Amino acid sequence: MKQRIVIIGFGTVGQGFCEILLNKKEFLKKQYGLKWEIVGIADKAYGNVYNAKGIDVPFLLEEAKAKKQFSKDASKWDTLTLIKKSKADIVCELTYTDLKTGEPAYTHCKEALKSGKHVVTSNKGPAALHYRKLIKLADKYGLHFRIEGTVVAGTPILNLAAGPLAGCEITRIRGILNGTTNYMLTEMEKGMSYAEVLKVAQELGYAEADPTGDVEGYDARGKVTILANVVMDGQLDIDNIPCRGITGITSSDIHTAKEHGKRWKLIGTVEMKDGKVTGSVAPEMIDLTHPLAGVMGATNALTFTTDLLGDVTMVGPGAGRWQTGFAILNDVLTIDSAY
Ligand SMILES: NC(=O)c1ccc[n+]([C@@H]2O[C@H](COP(=O)([O-])OP(=O)(O)OC[C@H]3O[C@@H](n4cnc5c(N)ncnc54)[C@H](OP(=O)(O)O)[C@@H]3O)[C@@H](O)[C@H]2O)c1
């Protein structure tokens, strides 16, 4: 069947996902039998469009890149009406992350599921704060709520745990879950101070004007919450997870680590002990021999400790237009293959 898709939030990831669909249209059809149509987009900046027969994606991509309001297939429906009334099979929720309330994405996901549509999202808000409720709702209606892009973009962490590692008991997950802070620690090791490297990270677009979410560890804590609750079936509340970022790390700390054959990394940890799941985020000095120590720059990585395989480490990008667009595509392919 042809997957009719609605996209909510047409920024970096929404546009990247559409570019992949267009660039790989023939490959996706030939290799996986995927047929698709984008029938609607809702975006705060560019407006809402809908056409049950399919919208003109290349044209709308051009308009978005030129920062113009959409001028074709404009819809009078507001975003929630588009989610509820559109004739779509899958809603891709790609608006901004709010780790305090999960909104507006939580309402978007909930209404999409209630109106019979699968949901795919890279938005950590609903996944970290409302996963249990949303997966329950999806199960109730026989639908998918898929979230691969919420942890380390397209690097297939959640799929790895659910698929290839199925049968192993995962007792611990430790990872570099935030590319900005890993980039900063890498550059500090080359001699820059915290203040200098933060400025460079902001100039390069790695860190936002307000870097709090990254440097205080809150972004990593969102991902720890998702890993704990999705992979380890925990019941962790994001606000109760101990969290310390890298703001206290000085050039002298970096030097001391080097002297001891170690390296500072901001590590997110999830552990299962005596049936209880715990999580934390904190900077740690790790041995240079550990696989995570060699992960430099904006790259992310996770080590799963398992009963049958021992440690399994996956390294890959944690952000990016196509890197995250790929996660959305992969979840869409999973849904398509189930029908
Ligand atoms: N970029 C990455 O590499 C990456 C990686 C992993 C996960 N993610 C997550 O994926 C999601 C999308 O990221 P992104 O980088 O594409 O963000 P983005 O570039 O900021 O795009 C989000 C888009 O959604 C629009 N929007 C905001 N509120 C909306 C609403 N209520 N209804 C409809 N549209 C709305 C925004 O418009 P305005 O600009 O006018 O607000 C913007 O155009 C985020 O939750 C992010 O945390 C991103």
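Quick note: the coordinates plus some simple rules give every number you see, no bench work behind them. Remember, predicted model here, so these are calculated numbers, not experimental data. Every residue, glycine among them, receives a Cβ derived from its backbone with ideal geometry; neighbour counts consider all protein chains shown.
For this structure, a couple of remarks:
- Karplus-derived HN-Hα couplings along the range 277-283 (A = 6.51, B = -1.76, C = 1.60, θ = phi - 60°), whole Hz, x at Gly and Pro: 9, 10, x, 6, 9, 6, x
- Each other residue within a Cβ distance under 13 Å of Leu113 adds +1 if Lys or Arg and -1 if Asp or Glu, for a net charge of +4.
- Under the Karplus curve 6.51 cos²θ - 1.76 cosθ + 1.60, θ = phi - 60°, whole-Hz ³J(HN,Hα) for the range 260-273, x wherever Gly or Pro sits: 9, x, 10, 8, 7, 9, 7, 10, x, 10, 10, 9, 10, 9
- Among beta bridges that DSSP assigns inside the range 159-317, antiparallel share in %, nearest 5: 95 percent
- Taking amide H positions as modeled 1.01 Å from N, with prolines and chain starts lacking one, the residues under 5 Å from Ile267 and 5 or more places away or on another chain are Ala282, Glu284.
- GluC sites (Glu not before Pro) lying in DSSP loop within the range 166-244, provided at most 11 other Cβ fall within 10 Å: Glu169
- Only DSSP H runs of four or more residues enter the estimate; each adds -39500 (n - 2.57), and after division by the residues of the chain the mean residue ellipticity at 222 nm equals -11500 deg cm²/dmol.
- Sorted by Cβ neighbour density within 10 Å, fewest at the top, the residues Ser122, Ser86, Ser252: Ser252, Ser86, Ser122
- Restraint check, Lys24/Lys72; Lys76/Lys117; Lys199/Lys258, Cα-Cα greater than 26 Å: none
- Antiparallel DSSP beta bridges within the chain, as percent of all bridges there, nearest 5: 65 percent
- The order of the peptides 67-80, 32-45 by mean Cβ neighbours within 10 Å, most packed first, is 32-45, 67-80.
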